[in-house]
1. Counting each DSSP H run of 4 or more residues in the chain as -39500 (n - 2.57), what helix-only mean residue ellipticity at 222 nm follows after dividing by all residues, to the nearest 500 deg cm²/dmol?
2. Report the calculated FRET efficiency for Ile109 and Leu23 (r = Cβ-Cβ distance, R0 = 30 Å), to the nearest 0.05.
3. Students often forget the sequence filter, so: which lysines lie under 18 Å Cα-Cα from Lys35 once same-chain residues fewer than 8 apart are removed?
4. Quote the charge dipole size of the chain about the Cα centre in Debye, to the nearest 20; the model charges only the Cβ of Lys and Arg (+1) and of Asp and Glu (-1).
5. Residues with beta-carbon under 15 Å from that of Ala54, excluding Ala54: net charge, scoring Lys, Arg +1 and Asp, Glu -1?
6. Given a cut-off of 18 Å, name the pairs among Lys42/Lys101; Lys66/Lys116; Lys75/Lys95 whose C-alpha atoms lie farther apart than that in the structure shown.
7. What does the charge add up to near Gly74, with Lys and Arg as +1, Asp and Glu as -1, over the other residues with Cβ less than 10 Å from its Cβ?
8. Given the Cα-Cα distance of Met126 and Gln60 and 0.36 nm per residue of separation, how much length would full extension add, in nm?
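Where a number appears in this text, it was derived from the coordinates with a stated rule and is not lab data. Here the structure is a predicted model, which is why all the values come from computation and not from measurement. Backbone-built Cβ (ideal geometry, glycine too); neighbour counts: all protein chains shown.
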Amino acid sequence: MKDFLIEQAVGISAYLLVTLIGLLGAWLSSKLAKKLELANIKAATESVITATQATVHELQQTTVEKLKDAHKDGKLTEAEIDELGEMLLDITESKLADSVKGLLVGAKIDLENLIKSTAESYIDKMKGYDF
């Protein structure tokens, strides 16, 4: 009888140990997956920032200066600013891979807002405003 109880205790202990290892493995896998997902989101966000800054620079060289030169006061009209904003969004989004856009949308990051805020910050930096 004693041997039977020891055998059952060892069997139960082994089963519990295997179950515990399985649970630990699942928990660890979920933590690693979350870390990888966050790293991917960070890389996608950095890709948007880089593309936005490049687009702002391109628009500055190709369009903004010409528009400013067309006005005596050298300032853009509200309509021109709105048009530049739309161009910024269209050009920047066209530079992004579908996987980047999909990842950010899936993470509930407002892509349009990210592009606009990055552009505003970069333009301020170009003008010499340090906040």
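1. When only DSSP H runs of four or more count, the value is -28500 deg cm²/dmol.
2. On the way: r = 32 Å, r/R0 = 1.07.
With a Förster radius of 30 Å, E is 0.40.
3. Once the sequence-local lysines are set aside, what remains near Lys35 is Lys108.
4. Numbers: 15 positive and 21 negative charges, 141 e Å.
Its charge dipole is roughly 680 debye.
5. Numbers: positive: Lys95, Lys125; negative: Glu46, Glu58, Asp90, Glu93.
Cβ neighbours under 15 Å give a net charge of -2.
6. Working: Lys42/Lys101 12 Å; Lys66/Lys116 22 Å; Lys75/Lys95 28 Å.
Beyond 18 Å between Cα atoms: Lys66/Lys116; Lys75/Lys95.
7. Working: positive: Lys68, Lys72, Lys75; negative: Glu65, Asp69, Asp73.
Within the 10 Å Cβ shell, the charges total 0.
8. 22.7 nm
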